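Read through the structure below, which is laid out as structure tokens, and then see the notes.
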């Protein structure tokens, strides 16, 4: 049962997009200091160590986690191992604003995957919303140029982000379509560390491939250390906790509107920290993506 949106609940739901926007900007700031997949692995390894004192019982022999290891291995692959690694790879060549706006097309991808693979038909309002969101994503990918859209000249980072959206959409569907023991689902730290455990295996393997290809130079120093502290405590732990509490209080429909604050926060942070001023097409793309969320959420 959702409750009225109190100032405290709105603060919780706004904190998560702020952290996610900060994650995109931080990934851009350190892209020359550490390989992207290695950054993803170190991020989750540190987050795992922070959560371990709070959820170590989840990893004991006899824990309800182990009979469901295949499920958590899949969630770890799609969420921890793939999504953030692809996002950091996208930030090597794309801007944080582009990355977060392309990520705004996630509901469209979820709609398509649900209809194709999970037997959930799309409603008329959802199709309208999907069309609006797709237009917003295409506007970002084309950089506001019809000629560039027709010639399909995409930055490789935009392609990586599209793949990240697909990974997150699959993750979300598997998250809600199957169940796990209440002992894990009811404990946010246990639920997250169960995914981290297997996700670290996947991200570690991917980082090994990255190093094998010669991408292993890390520039250690205070800038990288500060970035790691932020992305571990903020986007990896704090945002997850705030979002979970906010959704419990307001319900998923009301909470869904807040996720579209991510590109807005990314635009402000990019301007403040990177000097990357947003363009007019970014504003139109943001409006289209927001409309793509609002329309299917309205009652018929």
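Computed quantities for the displayed model
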{"quantity": "Cα shape, region 30-71, gyration tensor, a/c 1.5 rule", "calculated": "oblate"}
{"quantity": "Relative packing of 156-168, 201-213, 89-101, which averages over residues the other C-beta atoms within 10 Å, highest first", "calculated": "89-101, 156-168, 201-213"}
{"quantity": "The chain, helix-only ellipticity at 222 nm - DSSP H runs n ≥ 4, -39,500 (n - 2.57), divided by all residues, nearest 500", "calculated": "-22000 deg cm²/dmol"}
{"quantity": "Region 1-126: C-alpha gyration tensor shape, a/c 1.5 cut-off, then a/b vs b/c", "calculated": "rounded"}
{"quantity": "Peptide ranges 118-125, 6-13, 22-29, 266-273 listed from the most packed, as the mean C-beta count within 10 angstrom indicates", "calculated": "22-29, 266-273, 6-13, 118-125"}
{"quantity": "Sorted peptide list for 190-199, 232-241, criterion being average Cβ within 10 angstrom, highest first", "calculated": "190-199, 232-241"}
{"quantity": "Fully extended contour minus Cα-Cα distance, from residue 60 to residue 294, at 0.36 nm per residue", "calculated": "79.9 nm"}
{"quantity": "Mean separation of Cα contacts under 8 Å, 6 or more apart, over the residue count of the chain: relative contact order %", "calculated": "42"}
{"quantity": "Percentage relative contact order, region 8-123, counting C-alpha pairs under 8 Å, at least six apart", "calculated": "39"}
{"quantity": "Choice from 144, 62, 114 with maximal GNM fluctuation in the chain (Cα, 10 Å cutoff)", "calculated": "62"}
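None of the figures in this text is laboratory data; all of them are computed from the coordinates on show. Just so it is clear, the model here is predicted, and its values are computed rather than measured. Please note: Cβ atoms are built from the backbone with ideal geometry, for glycine as well, and neighbour counts cover all protein chains shown.
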